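**Student:** Sharing a structure below in structure tokens format, with a few things to ask.
The values are calculated or read from the model by the stated rules, or taken from the named source; none is laboratory data. Predicted model, so just to flag it, every value in this text is computed and none were measured. With ideal geometry, Cβ positions are generated from the backbone for all residues, glycine too; neighbour counts draw on all protein chains shown. Heavy atoms of the whole protein, side chains included, go into the accessibility calculation; ligands, DNA and RNA do not. Shrake-Rupley method; radii C 1.70, N 1.55, O 1.52, S 1.80 Å.
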Amino acid sequence: MDMNYKPNPEYLVEVNNLKMYFPVKTGFFGTTPLKAADGVSFAIRPGETLGLVGESGCGKTTVGRALIRLYKPTDGDIFFEGKRVDDKSIGGLRKDMQMVFQDPYSSLNPRMTVEDIIGEPLDVHKMYTSRADRRDQILSLMEMVGLNAEHATRYAHEFSGGQRQRIGIARALATKPKFIVCDEAVSALDVSIQAQVINMFEDLQRQLGVAYLFIAHDLLVVHHISHRIAVMYLGKLVETADSDELNANPVHPYTQSLLSAVPLPDPRTAKSSKRIILEGDVPSPLKMPSGCPFRTRCRFATEQCAKEMPQLTDRGNGHMVACWNK
Amino acid sequence: MDKTYDIDQMPKKNPLSMQIDLSKFEKATDEEKKQADVMSESTSFFKDGMRKLRKNPLAMFSIVVLVLIILMITIVPVVVPYSYSDIITINGKRDKSATNMAPFQYSKLEQQYIDEGGKVFPHIMGTDELGRDYFVRVAYGTRISLLVGVFASVIVLIIGVLYGSIAGYFGGKVDLIMMRIVDVIYSLPDLLMIILLSVVLNEVLKFDGQGILARLGTNMISLFIVFGLLYWVGMARLVRGQILTIKQNEYVLAAQVSGAKSSRIIRRHILPNCISVIIISAALQIPSAIFTESFLSFISLGVKAPMPSLGSLASAARSGITTYTYKLIFPALMIGLITLAFNLLGDGLRDAFDPKLRR
Ligand SMILES: Nc1ncnc2c1ncn2[C@@H]1O[C@H](COP(=O)(O)OP(=O)(O)O)[C@@H](O)[C@H]1O
Ligand code: SF4
Ligand SMILES: [Mg+2]
């Protein structure tokens, strides 16, 4: 932890050098730290969306959960509105930071009605004056996410995946947070429903001015909703840039391969753009390659890549890339 | 929006085309749209479970059997004018001839008394070798056996749930140490332990006087202690496993993100999602305790005479098995009925309420 780190007051959320190591049993006695997030830094302005993309297992969920302190980070500084987030301050910040989960099935308690699920944050923070007030708040939340108010007394298992995700979003909105971590909030949904839910996220942002950390493994989904995008690989950020800039001008070899994997709507452009097929698998986070984490799969790898770890450097206009040869 | 669906604007169908003729379609009215939106009747988990249970004939049959048995053991000792411990008396005189009678048979003295105009309550299941009414003894024995079963299962429930939920909720090193202790206890041969403990406790514990404890005898008390010491481990493992899985669910994380404290999370999220499994397994514990008690009584480590239990009745009936077969049949039938009913009911409850079997 860097006690002298000065957060920038412009940012709503600021993460500096976040490290999250999980002790993993290897062999009979020893444990090895699994570096799920290793030196991640980024910042989000009020009302802004930062997209976080990367293959599954690269540590996106870990970053999101450490950020709202579901995990206690191994190292690093997290600031919310310039205030350091730690065990002491988190209690007072719970109202302002919320999360929407990936799995629409396991994220809602099967023994609770929709009303009680959405009302739980209100109950915890005692945010109502009377039962009627509580109900009014819940109904207006349901309306906000496009749920039928008549269904307030129903149980979650009676709803479809998309509707369940809306219930989860209403729950996250209940305390009027300024920041929501959306961890693959649309990945489990059908493509047509994905679009509806993403549009709803955008509408809610326009109405409420809430900021998102929008996690997904699909660059296309993230491009649509994000102002800025951070690309993650094996626990590290490899490139961050404005959303359009990143799509038009990807610099890091990993980002390029991610973008080339996105199906293009127009067959003519699709033909002319060469797809970069990544060879090999993602290395195990327990056996991290030396130097650049991407070098085992990189076409441009040189000797230097194996020796030294590239740091994020600014390539102009806030386009940050961690690569020696690009 | 509506314009696009205007029938007049639809392209005319080419008669040779295999395409669907769009003009044959009508726009859904608002009412029809609403119909598609209506969901089935809302059911709570409990209501849904009860409905499933009511549809299960075996479970319903078991409930009926159990209710009948419970009615019997509460009503019989009140209605039948004999006591489980005293020899039958006629006109204040002990009836020495009323031993080992068949069902509905009267002794000489009783017959005489009836002929003189007196009334004698029939011996529905006959009498035993000391001249005690067997029906009352079987009813009392059932009472004791059920009591033992329920009591043992409550002990197991309390200890197992407390121990298992502490291990499961706190996890880590606490869990590791607590579960190794469980493993050790689990690996002990339980019947051998019960027999050894009963023998030892018999020497250590001595109850005098007239209290229920003294009447049950030290054997029963040691049986409860043994249940408390040994049989909770299965329950503890079950509860811990349940809590570990439930803790993984994202709704628990969501509650944490909302700022809910541990007590609220346990109360609102963890307990309601594992309570049915716990209760089902406690219900299944009852017949196993009854069976153990019967077994111990059978090898004369059970309740203290003259208090009967189903096991001790069966054991006593062994000597005259060829001549007085009915004396073995009645308690054995009772044990069989009770264990079968509880097992079937437990299975029915599991089918109806176990969340893993639904969706
Ligand atoms: N609680 C945990 N204990 C040990 N390892 C974990 C834990 N959570 C995640 N990991 C590991 O950390 C890595 C990153 O996981 P995660 O953050 O879930 O990735 P993503 O969300 O990008 O798919 C994975 O290798 C995963 O196995
Ligand atoms: S640093 Fe080297 S290995 Fe890493 S991405 Fe750049 S070129 Fe490839
Ligand atoms: Mg994830």
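**Student:** Leaving ligands, DNA and RNA out of it, rank B:267, A:315, A:164 by accessible area with a 1.4 Å probe, largest first.
**Tutor:** Most to least solvent-accessible, the answer reads B:267, A:315, A:164.
**Student:** Give the value in nm², to one decimal: projected area of the alpha carbon convex hull of the range B:134-353, averaged over all directions.
**Tutor:** Values: hull surface 58.3 nm².
Average of the hull's projected areas for the range B:134-353 equals 14.6 nm².
**Student:** What percent do you get for the relative contact order of chain B when only Cα pairs under 8 Å and 6+ apart count? Mind showing how you got there, number by number?
**Tutor:** On the way: 431 pairs, mean separation 78.4, N = 359.
Taking the mean separation of contacting Cα pairs over the length of chain B, I get 22 percent.
**Student:** State to the nearest 20 debye the size of the charge dipole of the protein assembly as shown about its Cα centre, where the only charges are +1 on K and R beta carbons and -1 on D and E beta carbons.
**Tutor:** Numbers: 77 positive and 67 negative charges, 225 e Å.
Roughly 1080 debye, rounded to the nearest 20.
**Student:** Same structure, new question: Over 30 Å apart: what share of the alpha carbon pairs of chain A falls there, rounded to a whole percent? Walk me through the numbers on the way to the answer.
**Tutor:** Working: 20300 of 52975 pairs.
For chain A, the fraction of Cα-Cα distances above 30 Å is 38 percent.
**Student:** Now for a separate question. Pick from A:93, A:52, A:70: which is most flexible by mean-square fluctuation in a GNM of chain A where alpha carbon atoms under 10 Å apart are linked?
**Tutor:** Result: A:70 has the largest fluctuation of those listed.
**Student:** At what distance in angstrom do the alpha carbon centres of the range B:161-181 and the range B:108-147 lie from each other?
**Tutor:** 52 Å
**Student:** Also: What does the average come to when, for each residue of peptide B:258-265, you count the partner chain Cβ atoms lying within 10 Å of its Cβ? Don't skip to the end; give the middle numbers.
**Tutor:** Details: counts 14, 12, 6, 2, 0, 0, 3, 0.
Whole-number average of other-chain Cβ neighbours for B:258-265 is 5.
**Student:** What are the ³J(HN,Hα) couplings of the range A:155-163, residue after residue, when phi is run through the Karplus curve with 6.51, -1.76, 1.60 and θ = phi - 60°? Round to Hz, x for glycine and proline.
**Tutor:** Computed from phi, the couplings for the range A:155-163 are 8, 4, 5, 8, 10, 7, x, x, 5 Hz.
**Student:** Shifting gears a bit: Can you give me the relative contact order of chain A as a percent, contacts being Cα pairs under 8 Å and 6 or more apart? If you can, show how the numbers build up before the last one.
**Tutor:** Working: 597 pairs, mean separation 63.8, N = 326.
Normalised by residue count, the contact order of chain A is 20 percent.
**Student:** Using θ = phi - 60° and the Karplus relation 6.51 cos²θ - 1.76 cosθ + 1.60, list the HN-Hα couplings for the range A:204-217 in order, rounded to whole Hz, with x at every Gly or Pro.
**Tutor:** 4, 5, 5, 5, 9, x, 7, 9, 10, 9, 9, 8, 7, 9
**Student:** How many angstrom separate the Cα center of the range A:1-56 from the Cα center of the range B:258-327?
**Tutor:** Between the Cα centres of the range A:1-56 and the range B:258-327 lies a distance of 53 Å.
**Student:** Let me have the 222 nm mean residue ellipticity of chain A computed from DSSP H runs of 4+ only, each contributing -39500 (n - 2.57), with the sum over all residues rounded to the nearest 500.
**Tutor:** -9000 deg cm²/dmol
**Student:** Can you work out the Karplus-derived ³J(HN,Hα) for every residue in the range A:17-23? Use 6.51 cos²θ - 1.76 cosθ + 1.60 with θ = phi - 60°, whole Hz, and x for glycine or proline.
**Tutor:** In residue order, the calculated couplings are 6, 5, 10, 10, 10, 9, x Hz.
**Student:** Only four residue types carry charge here, +1 at the Cβ of Lys and Arg and -1 at the Cβ of Asp and Glu. Report the dipole size of chain B about the Cα centre in Debye, rounded to the nearest 20. Before the final figure, lay out each step's value.
**Tutor:** Details: 38 positive and 29 negative charges, 119 e Å.
Approximately 580 debye in magnitude.
**Student:** Which angle from 0 to 90°, rounded to the nearest 10, does the C-alpha axis of helix B:45-54 make with the longest principal axis of chain B?
**Tutor:** The helix B:45-54 is inclined about 60 degrees to chain B.
**Student:** Right, next: Pull up all non-local amide H partners of residue B:129: gap of 5 or more, or a different chain, and H-to-H distance under 5 Å with H placed in the peptide plane.
**Tutor:** Answer set, sorted by chain and number: B:100.
**Student:** Here is a follow-up. My understanding is that a pair violates if its Cα-Cα distance is over 27 Å; which of A:25/A:88; A:287/A:326; A:287/A:307; B:93/B:119 do that in this structure?
**Tutor:** Details: A:25/A:88 30 Å; A:287/A:326 25 Å; A:287/A:307 16 Å; B:93/B:119 15 Å.
Check vs 27 Å cut-off fails for A:25/A:88.
**Student:** Given DSSP loops and a limit of at most 10 other Cβ atoms within 10 Å, what is the longest stretch of chain B that contains no such GluC sites (Glu not before Pro)?
**Tutor:** B:117-359
**Student:** Can I ask one more? Okay, helix-only estimate at 222 nm for chain B: each DSSP H run of n ≥ 4 adds -39500 (n - 2.57), divide by all residues, round to 500 deg cm²/dmol; what do you get?
**Tutor:** Numbers: 15 runs with 223 residues, N = 359.
Taking each H run of at least 4 residues, the total per residue is -20500 deg cm²/dmol.
**Student:** At 1.4 Å probe size, with no ligands or nucleic acids counted, give the accessible surface of residue B:184 in Å², nearest ten.
**Tutor:** Number for this one is 90 Å².
**Student:** Let me ask you something else. Give me the tail of P(r) for the range A:1-153 as a percent: Cα-Cα pairs with distance above 19 Å. Walk me through the numbers before you get to the answer.
**Tutor:** On the way: 7523 of 11628 pairs.
Roughly 65 percent, once rounded to a whole number.
**Student:** Same structure, new question: Give me the Kirkwood hydrodynamic radius of the protein assembly as shown in Å, from all C-alpha pairs, to one decimal place?
**Tutor:** On the way: mean 1/r = 0.0319 Å⁻¹.
The answer is 31.3 Å.
**Student:** If you restrict to DSSP beta bridges whose two residues both lie in chain A, what percentage is antiparallel, to the nearest 5? Could the numbers behind the result be given before it?
**Tutor:** Details: 29 of 47 bridges.
Antiparallel: roughly 60 percent of the beta bridges in chain A.
**Student:** Amide H to amide H, which residues 5 or more places from residue A:24 or on other chains are under 5 Å from it, using H placed in the peptide plane?
**Tutor:** Counting only residues 5 or more places away or on other chains, the set is A:32, A:34.
**Student:** I'd like the Kirkwood hydrodynamic radius of the range A:109-174, using the inverse of the mean 1/r over distinct C-alpha pairs, in Å. Each step should come with its number before you reach the end.
**Tutor:** On the way: mean 1/r = 0.0867 Å⁻¹.
Its Kirkwood hydrodynamic radius stands at 11.5 Å.
**Student:** Let me ask something else about it. For the range B:50-177, what's the relative contact order in percent, using C-alpha pairs closer than 8 Å and at least 6 residues apart? Could the numbers behind the result be given before it?
**Tutor:** Details: 119 pairs, mean separation 27.3, N = 128.
Averaging sequence separation for qualifying contacts and normalising by length gives 21 percent for the range B:50-177.
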